[in-house]
1. Quick one: is residue 67 surrounded by 14 or more Cβ atoms within 10 Å (Cβ to Cβ), outside the structural domain of residue 125 (by the TED database) and outside any loop (DSSP other than H, G, I, E, B)?
2. I'm checking my understanding of the structure. Among residues of region 27-58 that are charged (D, E, K, R) and without any contact (Cβ under 8 Å) to a residue 60 or more places away in the chain, which one is least open to solvent (accessible area, probe 1.4 Å)?
3. Filter region 76-85 down to the residues that are open to solvent by less than 10 Å² (accessible area, probe 1.4 Å) and of a type in the set (A, V, I, L, M) and list them by number.
4. Taking region 182-200 as the search range and keeping residues that are assigned to a helix (DSSP H, G or I) and more than 23 Å from the chain's Cα centre (by Cα), which one is surrounded by the fewest Cβ atoms within 10 Å (Cβ to Cβ)?
5. Could you grab the pairs with beta carbons closer than 7 Å, sequence gap of 6+ or different chains, first residue in region 15-26 and touching a residue at least 40 places away in the same chain (Cβ under 8 Å), second one aromatic (Phe, Trp, Tyr) and surrounded by 19 or more Cβ atoms within 10 Å (Cβ to Cβ)?
6. Find the residue count for region 84-97, including only residues that are touching a residue at least 40 places away in the same chain (Cβ under 8 Å) and assigned to a helix (DSSP H, G or I).
7. Look through region 147-181, keep the residues that are β-branched (Val, Ile, Thr) and farther than 17 Å from residue 87 by Cα, and return whichever of them is most open to solvent (accessible area, probe 1.4 Å).
Amino acid sequence: MEKNTKEKLIEAGEKLFALKGLAGISIRELSQEAGANSALISYYFGSKEGLYAAILENQFSPIGALLDSAAREDASPTEKIISYARNVAVVHGRVPFLTKFMMGEILNPSRFFEPVIRKYIERAYRFLTDTLNEGIACGEFRKDMDVKTAALSLAGIINFYFISRPIFRHFVSDSSAQDEQYVMQAVDIFLNGVKNNDGQ
């Protein structure tokens, strides 16, 4: 099915904004890449900034969906952590520009960092700390664990791999199977570090 003009503008914006950032791209460049009249950017999104905000939401909203999936009530804390890790790999595979937007906004935040990106980062952090606290309460995880540090460690272990993948391509295969293998091994190492071995 042929893409409509709005979809073409979003696709063009994803490519160009990921490459040069919000300030580095003009409306003319966006319209040329999309093969569309520049006036349609204002029509559909209000402005170049509106297009950028819509793209950020598209890039980061899958994080909300993965958290919904991982937080199902019938899963144990360990199962939730594993589901979270596996779904992070899936999201990075489906949203290839996610790491570029993430790093661009961390290093040079736009005015959209707070209303769009921070809410998903905070939600992921709350999910991890709540799940780790749940694991401590039910005896799955160590009581002496610093939950905040552990949550940051897990997020870092998983996401650093995807952020650094352009470098790692020279050493490991670039495939979804490799991504899942890394993530599952990383989460296994993490869980071995936080699990309760006292049986209490």
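1. Numbers: surrounded by 14 or more Cβ atoms within 10 Å (Cβ to Cβ): yes; outside the structural domain of residue 125 (by the TED database): no; outside any loop (DSSP other than H, G, I, E, B): yes.
For residue 67, the condition - surrounded by 14 or more Cβ atoms within 10 Å (Cβ to Cβ), outside the structural domain of residue 125 (by the TED database) and outside any loop (DSSP other than H, G, I, E, B) - is not met.
2. Of the residues in region 27-58, the ones charged (D, E, K, R) are 28-29, 33, 48-49, 57.
Right, trim to without any contact (Cβ under 8 Å) to a residue 60 or more places away in the chain and you get 28-29, 33, 48, 57.
Working: 28: 169, 29: 64, 33: 84, 48: 33, 57: 56 Å².
Ranking the qualifying residues of region 27-58, first place goes to 48.
3. Matches in region 76-85: 81, 85.
4. Within region 182-200, the subset assigned to a helix (DSSP H, G or I) is 182-194.
From what is left, the residues that are more than 23 Å from the chain's Cα centre (by Cα) are 192-194.
Working: 192: 9, 193: 13, 194: 20.
Looking at residues that are assigned to a helix (DSSP H, G or I) and more than 23 Å from the chain's Cα centre (by Cα), I get 192.
5. Partner pairs satisfying both residue conditions: 17/52; 18/101; 22/52.
6. First pass over region 84-97, keeping only residues touching a residue at least 40 places away in the same chain (Cβ under 8 Å): 84-86, 88-89, 92-93, 97.
Among the residues that remain, those that are also assigned to a helix (DSSP H, G or I) are: 84-86, 88-89, 92-93.
Total satisfying the criteria: 7.
7. Of region 147-181, the ones β-branched (Val, Ile, Thr) are 147, 149, 157-158, 163, 167, 172.
Okay, now just the ones that are also farther than 17 Å from residue 87 by Cα, so 147, 149, 167, 172.
Details: 147: 20, 149: 77, 167: 103, 172: 58 Å².
Filtering first and then ranking leaves 167.
The values are calculated or read from the model by the stated rules, or taken from the named source; none is laboratory data. None of the values given here were measured: they were computed from a predicted structure. Every residue, glycine among them, receives a Cβ derived from its backbone with ideal geometry; neighbour counts consider all protein chains shown. When the accessible area is computed, the model is the full protein with side chains, heavy atoms only, and any ligands, DNA or RNA have been set aside. Shrake-Rupley method; radii C 1.70, N 1.55, O 1.52, S 1.80 Å.
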